[in-house]
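Following: one structure in structure tokens, then a few remarks.
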Amino acid sequence: MASINYSDKIPNNVNLATDRALQRALEHWQPHFLQWWHEMGPSDFEKADVYLRTATSVDAEGWARYGAVKMPEYRWGIFLADQVPDRKIGFGDAMGQPVWQQVPGEHRSTLRRLIVTQGDTEPASVEQQRLLGHSCPSLYDLRNLFQVNVEEGRHLWAMVYLLHAYFGRDGREEAEELLARHSGNADKPRILTTFNEPISDWLSFYCFTYFTDRDGKYQLKSFAESAFDPLSRTCRFMLTEEAHHMFVGETGIGRVIKRTLEVMKELGTDDPAAIRAKGAVDLPLLQKYINFWCSSSLDLFGSEISSNAAASFANGLKGRPDEPQYQDHVLRDATFHLQTPDGHGGQKDEDVPMLNALNEVMRESYLKDCEIGLKRWNRVIERAGHAVRLSLPSPHFRRSIGAWVGQYVAPDGKIVSAAEYEQRLHDWIPSQADKAFVHSLMQKVVAPGKMAAWIAPPERGINNLPLEYEYVHLS
Ligand code: BYC
């Protein structure tokens, strides 16, 4: 099962040719996808040869090959991790029963909603990043952007396969809708908040791949536990590809910091105005971008108290990331300690049923994972002899989903007055002037091996190639 059949029109490892009706339906959707890619994917780079990796097997070792590909010719396909023999449901009320190879009728609409929501984010991110190629800081970064984009396209295929194969006509209609909604569109926006935010500069791109792709990691890990086995297998393989996206974010931000520290040393000052005048990103400005994208991504976990999350867990649809690490997999008697606003400008502690708090449980694990990069960056700043530290904003800051909506909370977690919040918001997230400055830095650099002045080169090239390699051949 592990090897991928590339001789079919749609590469796959699910024996697509043996199901003619499904194959025909997906072959009907394929040109619609390509048209969407043409209209909404990376603009103006369709003729470029890009050094891309393409999945060739679902084995953890040696699963991809690298080579020059024109993006519209990328072989998007359907790749599921191998089936685990005799896999049993690992959590919820049906724990211990065999996993499902088909969708149980009673869970059909919830599963479809979850798969559609996941699927919707994939093309949304490609749309958000559509214009970034025009301001790339290097060919290395341009290639990484396109790698991320084609793989998000493939993740859309992963969800569309499930919709077509397991949800009949409804699924086929949903697959069309995934191409009809567009990021930021006033009439037909993408489903989740963050995926309607513009990503028009590379600082936002690195923060998005650090924070938002990491939400992807957590959501995919929770689906990897699902009792619906095809969903679990699909997500297990998506996680293999996803790791690179977070790498792009973490190393991207790390390289921005490295360059800023060089400029600070050169100038002998940490004065933001002097650093900006020298064409680099001052650390307080980077902190604002972190505050923006982290707080936005925290909304993607849903409300702190959620009956949807409780039902999805109890019914075996969506587990916790790394479910086997927990002792209690049923959670009927467990409680969770939560802080919520008290309605009088303060906060109160409450104990809620654990099942209802699972979005918060996941958000907490996510934040711990986010801290790892912060610690690494702060070590570099400390080693350079500076006292400033980057930090994650309070999970109560700037929330537009859940208990903290409409509360005036500063990034340090303090509740402030509405007036102070309004007045200081642009000390905390990028102002128009900050964005204009960042945009002014975004000049395209495409000479092989060269970097824009606001970012340090990466430590190594792609797939052991030198940094000077022409990762994108622009014709
Ligand atoms: N924006 O009980 P609630 C990725 C809705 S990223 C807008 O609070 P629930 C990627 C919610 O849909 C991973 N609406 O939360 C990264 C519900 O609406 P309905 C994407 C929101 O349901 C980078 C209502 O509020 N995958 O892969 O427990 C690049 C009440 O919901 C938001 C998934 O999200 C929001 N932020 O959990 C490319 C996994 N939050 O149904 C890709 C699939 C909540 O009442 N989705 N709402 O109309 C899910 O598991 C859940 O839908 C959520 C929400 C975790 C999003």
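In terms of modelled amide H atoms, which long-range or inter-chain residues lie less than 5 Å from the amide H of Val330?
Amide H to amide H, under 5 Å and 5 or more residues apart or across chains, Val330 pairs with Gly92.
Roughly how many percent of the accessible protein surface of the chain is carbon and sulfur, given a 1.4 Å probe and a whole-percent answer?
Here it works out to 50 percent.
Which of the aspartates and glutamates could a cross-linker span from Lys278 if the Cα-Cα distance has to be under 14 Å and same-chain partners fewer than 8 positions apart are dropped?
Cross-link targets: Glu262, Glu266, Asp270.
Residue by residue, what Karplus-based ³J(HN,Hα) values in Hz, rounded to whole numbers, does segment 463-471 have, using 6.51, -1.76 and 1.60 with θ = phi - 60° and x for Gly and Pro?
Values, residue by residue: 6, 6, 7, x, 5, 6, 4, 7, 5 Hz.
Got a sec? Charge dipole of the chain, +1 on Cβ for Lys and Arg, -1 for Asp and Glu; which of Thr110, Ser391, Ile78 is way out at the positive end?
Going by the Cα projections, it comes out as Ile78.
Lysines near Lys47 by alpha-carbon distance under 28 Å, same-chain residues fewer than 8 away left out - which ones?
Lys9, Lys70, Lys444, Lys450
Is it possible to state the helix-based mean residue ellipticity at 222 nm for the chain, with each DSSP H run of 4+ residues giving -39500 (n - 2.57), the sum divided by total residues, to the nearest 500 deg cm²/dmol? What is it?
For the chain, the value works out to -15500 deg cm²/dmol.
Can you pull out the GluC sites (Glu not before Pro) in segment 1-72 whose DSSP state is coil and whose Cβ has at most 14 other Cβ atoms within 10 Å?
Glu46, Glu61
How do 252-262, 185-195 rank on mean C-beta neighbours within 10 Å, highest first?
So the peptides 252-262, 185-195, ranked by packing, come out 252-262, 185-195.
Using a probe radius of 1.4 Å on heavy atoms only, what accessible surface per residue do you get for the chain? Whole Å² is fine.
Accessible area per residue: 41 Å².
Under the Kirkwood approximation applied to all pairs of distinct alpha-carbon atoms, what is the hydrodynamic radius of the chain in Å?
Averaging 1/r across every pair of different Cα atoms and inverting gives 23.5 Å.
Compute, for segment 361-475, the length of the dipole vector about the Cα centre, with Cβ point charges of +1 (Lys, Arg) and -1 (Asp, Glu) only. Units Debye, rounded to 20.
140
Scan around Asn5 for amide H atoms under 5 Å from its own, H built in the peptide plane at 1.01 Å from N, and keep only partners 5 or more places away or cross-chain.
Asn12, Asn13
Tabulate in residue order the Karplus-calculated ³J(HN,Hα) for segment 103-115, using 6.51 cos²θ - 1.76 cosθ + 1.60 with θ = phi - 60°, rounded to whole Hz; enter x for Gly and Pro.
For segment 103-115, the Karplus curve yields 8, x, x, 5, 10, 4, 6, 5, 5, 4, 4, 5, 5 Hz.
For a protection proxy built on the mean count of beta-carbon atoms within 10 angstrom, sort 350-358, 211-219 highest first, please.
Listed from highest to lowest mean packing, they are 211-219, 350-358.
Share of antiparallel DSSP beta bridges in the chain, in percent to the nearest 5?
Roughly 90 percent of the beta bridges in the chain run antiparallel, per DSSP.
The values are calculated or read from the model by the stated rules, or taken from the named source; none is laboratory data. Just so we're clear, the structure is a prediction, and the values are computed from it rather than from any experiment. In this analysis, Cβ positions are derived from the backbone assuming ideal geometry, glycine residues included, and neighbour counts consider all displayed protein chains. These accessible areas exclude ligands, DNA and RNA; they are computed on the full protein's heavy atoms, side chains included. Shrake-Rupley method; radii C 1.70, N 1.55, O 1.52, S 1.80 Å.
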